[in-house]
Amino acid sequence: MRRLIIVLLALAALVSSCGKVVVKKNIDPHIVAFDATYNEDFDNVLYPSMLLALGSYKGNEMDSLFCVSVTAPQNNAVMRIVVDSTVLNYVSITQETLPKKGVRYTFAPIIKWKFESLYRMRRQGYIDLTFTCFVNDEQVDVKNIRLNYRPTNECLMSLIGKNGTYHDYRWLFSAYVNEDHPKIDGILSEILSQGIVTIFDGSRSEKKVEAQMRAIWYYTLSRGLAYSSITCTSNGSKRTNSQYIRFFDDVYRNRQANCIDACVFFSSIMRKIGIQPIIFVDPCHAYLGYYTDKTKKKIALLETTITGWVNLPDLDIHYDETTGLLEEKYYNKISKYLTEKEKASYEAGKMSLEEIKKAVSNNLFDRATEYQKENYKNNKDLYTDPNQQTYQMLVIDELRKQIAPIPAVEENI
């Protein structure tokens with residue numbers, strides 16, 4: 001019996017050993033010296049907003065975010081890089097032929113981003129990207145890169161490169177202008193119902209462009225858009241500087257905006273009706289401009305933060321329809337935005353509430369068009385100087401050739 005057991009164990013060992021496949025390693029990992037890196041300038045921070053803005057275009061910053069390097073172990077070796085799936089990307093494969101033995105080759109690997117996930121990313125987090133290198137179908141090495149990804153509302157503004165060079169990225173503001181937002185059609189219907197304009201015809205004449213801008217302005221004031229300066233983020237990067245930007249639907253729903261938020265909101269509506277917006281970016285501020293003619297030789301300006309100087313919806317509560325007058329403290333707030341003729345008409349009880357609102361809106365619009373004229377005049381050359389980055393003139397129509405609008409998140413529509 002004991003002898004039988006020994007025989008059976010020997011047979012089992014023989015069967016087991018026959019089932020093993022001995023894989024001979026033909027590629028020396030030390031010779032290949034595979035490496036995968038993330039652009040040092042971005043300080044291990046990934047910005048979904050930048051991926052969304054540039055995802056449809058080739059030859060941009062996205063192409064230099066990741067880098068893989070290998071040394072060819074033989075002539076015409078076939079390299080394959082596989083990036084594992086994460087919450088932000090699908091499995092991604094890059095394959096190249098390495099023509100000459102001993103030469104080191106560098107490639108920008110293809111990463112298939114999950115754009116739907118990027119759209120919805122409203123919190124920061126971490127991802128581990130795993131890069132596996134195969135040569136001639138043989139797995140050679142594995143590298144891992146851990147990145148801190150930011151919310152999509154966070155826009156990269158600038159960074160200091162590893163060589164100390166300053167790079168301005170505020171042109172990414174244009175990605176938050178969303179002329180395709182589904183709410184805009186309804187907004188345009190509301191604006192037409194105000195009676196200030198009867199049609200949107202884009203940029204046919206300077207006079208008509210101004211009328212349409214006044215109509216958009218009045219609509220925005222009628223919604224009670226308040227100035228709210230929220231710019232800070234939790235981004236702890238020492239090299240990159242970023243800013244929180246509200247999306248179109250955030251401004252619409254919450255009725256709050258800072259300078260760039262309001263510029264984005266106005267620009268989205270303007271592009272929808274054919275008026276071409278410009279966002280002027282100063283070191284610490286942004287204001288709106290737009291072309292008033294087809295030749296693009298005339299530019300009008302608009303300081304959008306002035307919408308926060310009054311709250312027109314408040315007047316509804318404090319207006320006495322019998323007397324045709326506002327409570328004194330509320331009249332005192334808005335009287336400085338009326339002409340002497342309008343004040344006299346109001347005090348005589350000859351102005352309806354709607355007429356008061358439109359008068360205030362028109363006078364504030366006039367102030368908003370004048371507010372930045374001196375600043376623009378003093379810095380006009382800087383806005384168009386390609387050798388400096390502190391002042392930027394963001395012509396949205398031109399930037400659309402490279403930067404796509406970040407779409408609305410469905411549940412926020």
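The values are calculated or read from the model by the stated rules, or taken from the named source; none is laboratory data. The structure displayed is predicted, hence computed values, not measured ones. All Cβ positions, even for glycine, are placed from backbone atoms using ideal geometry, and neighbour counts span all protein chains on display.
Things to note:
- Near pairs, Cβ below 6 angstrom, 6+ apart or cross-chain, from segment 76-92 (over 19 Å from residue 114 (Cα atoms)) to any residue that is outside any loop (DSSP other than H, G, I, E, B) and among the acidic types (Asp, Glu): 79/96
- Restricting segment 234-272 to residues that are among the hydroxyl-bearing types (Ser, Thr, Tyr) and in a helix (DSSP H, G or I), the residue that is modelled with the lowest pLDDT: 252
- Condition check for residue 131 on (1) over 30 Å from residue 249 (Cα atoms); (2) of a type in the set (Phe, Trp, Tyr); (3) surrounded by fewer than 17 Cβ atoms within 10 Å (Cβ to Cβ): one failure, at (3).
- From the list 307, 322, the one residue that fits, being of a type in the set (S, T, N, Q) and under 18 Å from residue 367 (Cα atoms), is 307.
- With respect to being aromatic (Phe, Trp, Tyr) and free of Cβ contacts under 8 Å to residues at least 24 places away in the same chain, residue 119 falls outside the description.
- In segment 34-56, the residues that are among the aromatic types (Phe, Trp, Tyr) and in a strand (DSSP E or B): 38
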